[in-house]
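The values are calculated or read from the model by the stated rules, or taken from the named source; none is laboratory data. Owing to the predicted nature of the structure, the values given are computational and were not obtained by experimental measurement. Here the Cβ positions follow ideal geometry from the backbone for every residue, glycine too, while neighbour counts run over all protein chains shown.
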Amino acid sequence: MSKLLKMNADFLEFCYRRLWQAAGASESHAKAVARNISLGDRQGKLYQGMGVIEALLIPLQGGILDIKAEPILEAEGPTWLVYNGMRSSGYYTITKMTELAIEKAREYGIAIAFGHNHNDGGSFFGFTSLALEQGMFAMASNNSVPLSAPFGGMDFAMSVPPFDAACPGGEELPLVVSTKLCEGYDADITEALIGEKKLKGKLIVDPNTGELTDDVKPYASLIEGYGRVSDCTAPWIFSNPRLYSLNIWNEVLTSIINPKGVLCSDLPAIPSDFLKPGAPTTVGGSYIIVIDPSHFGPLANVKAKSDKFVRTIKNTKKRPDVDEIYIPDEWGLKKIKANDPIVDIMEDHLTAFKGFLNNYGVEYSDLEKEWNENNK
C-alpha cells in the first residue's frame, strides 16, 4: 500500500465536484458523484473513495460515458420503476432511481427500481444511505465487469459486484452491510502489483493451466495514467460456493429479471477495453429495493429491535483472542457519526487525481486556494 496522507474530506468533496463539472457534468450530476466518493473517504474505504473515480474516467475517456446525458424514467408502476441511464454514470442514474423509489415506498410501503445503460456507481452505501436518512431500509447492487471465474472454472464469466443494505437504528449504530460478492477487485490487483506483494491467498487462476496463484505479476499490467485500475488476464476465483451462489443470485436481480439489464458475461473482462471505441457501458444493470417499515408498524419498534440486536451482538462472550465484537461496517459508521473531516488518502491515488484535474484544465493548487479563501 502506498503512503497514507491526512486530508480534509470536505475539501476533497469540493474537488470531486469541480473535477466532474470541469469534465462537462451538470451541477446535480457532479453533486451526486462527489457525495458518493466522499462517503467512501469518510468511511475509511481507500478503494471506494478517491481511487474509485478512475472507474468513471476510463469510460469517459473512451467515449462510453456520456457526461452530459440525463437519465430517463422509462417505465413505472405504483411500486416499481425502470431508469435508462442514457450512458451516464451510475452515481447519477442510481441516485435518481433511489430518490423516486423512496417516494414510492413512502406512499406504498415498498418499491423496487431497476437501472440499465449506465456506468459505474461507486460505493452503494451512497444510495442506501439516502433511504436510511429517511428512516427506511434499502438494499442495492449492480453487476460489473466479469473479472471472476465460476466456482471451479477458469474463464472470465462472473461479476465483481458491490452489495449494500441498510436498516435504521435508534440510539445504536444502524445495521449496515457494505461488501462485495466476490474475492477481489481490480484495485486489489493494482495494490499487489505496485506494492510488489502477493494477494491474501491463491485467489486467481491461470487461464491456461488452471493453477491457482497469489502472484499477479505474470498476468497484470497497469493502465497508463491510472493508479487504482489495472488489467489482469487471470480471473478471480470463488474460495467457497456460498459466495458464488450469492453472486449468481445478485446477477438475477441486476440483469436477469431487470427488463433491460445486460448479463455481466456479455461485458468486456479487461478494464482497458472500455477505453476502446464502441465498448458497452461498464455496468449491465442495477437495482435498489426500498422499504418504509413505518407502513407495517411503528418505526420506533424497528429502531428498538435493531438497537437490541446490536447490543446483543456487541455484548456476547468473546473468544480469548478477540478484543471486541463488531457489527458490519462499524468502523466506517463510527467515522461518519463522529463527523471528523480528516480522512486517509493513498498518495498514489492523490497523484493520479491531480493529473486528472490537469487533464480538464484545473490546477489542484487553485482549488486549494479557492477552498481556503472561502472557508477561513
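Things worth noting here:
- Every residue from segment 1-58 that is of a type in the set (S, T, N, Q) and part of a helix (DSSP H, G or I): Gln21, Ser28, Asn36, Ser38
- Residue tally, condition assigned to a loop (DSSP other than H, G, I, E, B) and either touching a Leu at 6+ places or on another chain (Cβ under 9 Å) or closer than 19 Å to Asp164 by Cβ (or both), over segment 300-327: 2
- Looking across segment 328-376 at every residue that is assigned to a loop (DSSP other than H, G, I, E, B) and of a type in the set (D, E, K, R), the one that is nearest to Gln21 (Cα to Cα) is identified as Glu363.
- Filtering segment 138-162 to residues that are surrounded by fewer than 22 Cβ atoms within 10 Å (Cβ to Cβ) and in a strand (DSSP E or B) leaves only Met139.
- Of the residues making up segment 70-83, those that are exposed (fewer than 14 other Cβ atoms within 10 Å of the Cβ) and either modelled with pLDDT under 95 or of a type in the set (A, V, I, L, M, F, W, C) (or both) are Leu73, Ala75.
- Counted residues, segment 97-111 - those being surrounded by 23 or more Cβ atoms within 10 Å (Cβ to Cβ) and more than 24 Å from Met50 (Cα to Cα): 3
- Any hit, segment 43-52, residues being within 16 Å of Ile289 (Cα to Cα) and among the hydroxyl-bearing types (Ser, Thr, Tyr): no
- Across segment 344-376, the qualifying residues are those that are polar (S, T, N, Q) and farther than 16 Å from Ser2 by Cα, and the one among them that is modelled with the lowest pLDDT is Asn375.
- Just one of (1) surrounded by fewer than 19 Cβ atoms within 10 Å (Cβ to Cβ); (2) over 30 Å from Gly361 (Cβ atoms); (3) not hydroxyl-bearing (Ser, Thr, Tyr) fails for Met86. It is (2).
- Residues in segment 234-249 that are surrounded by fewer than 22 Cβ atoms within 10 Å (Cβ to Cβ) and under 24 Å from Tyr83 (Cα atoms): Ile248, Trp249.
- Yes/no for Gly332 being under 30 Å from Met136 (Cβ atoms), touching a His at 6+ places or on another chain (Cβ under 7 Å) and in contact (Cβ under 8 Å) with a residue 40 or more places away in the chain: no
- Exactly one residue among Thr93, Thr128 is part of a helix (DSSP H, G or I), modelled with pLDDT of 95 or more, polar (S, T, N, Q) and over 30 Å from Ile342 (Cβ atoms), and that residue is Thr93.
- Only one of the listed residues (Glu133, Glu76) is among the acidic types (Asp, Glu) and touching a Leu at 6+ places or on another chain (Cβ under 9 Å). That residue is Glu76.
- Checklist (1) more than 26 Å from Glu99 (Cα to Cα); (2) without any contact (Cβ under 8 Å) to a residue 40 or more places away in the chain; (3) not hydroxyl-bearing (Ser, Thr, Tyr) applied to Asn301, failing item: (1)
- Lys354 meets each of the listed conditions (1) under 26 Å from the mean Cα position of the chain (by Cα); (2) in contact (Cβ under 8 Å) with a residue 12 or more places away in the chain apart from (2).
- In segment 269-280, residue modelled with the lowest pLDDT [restricted to those that are farther than 8 Å from Pro146 by Cβ, within 20 Å of the chain's Cα centre (by Cα) and assigned to a loop (DSSP other than H, G, I, E, B)]: Ile270
- Considered as a group, the residues in segment 59-78 that are acidic (Asp, Glu) and not in a strand (DSSP E or B) include one that is nearest to Gly109 (Cα to Cα), and that residue is Glu70.
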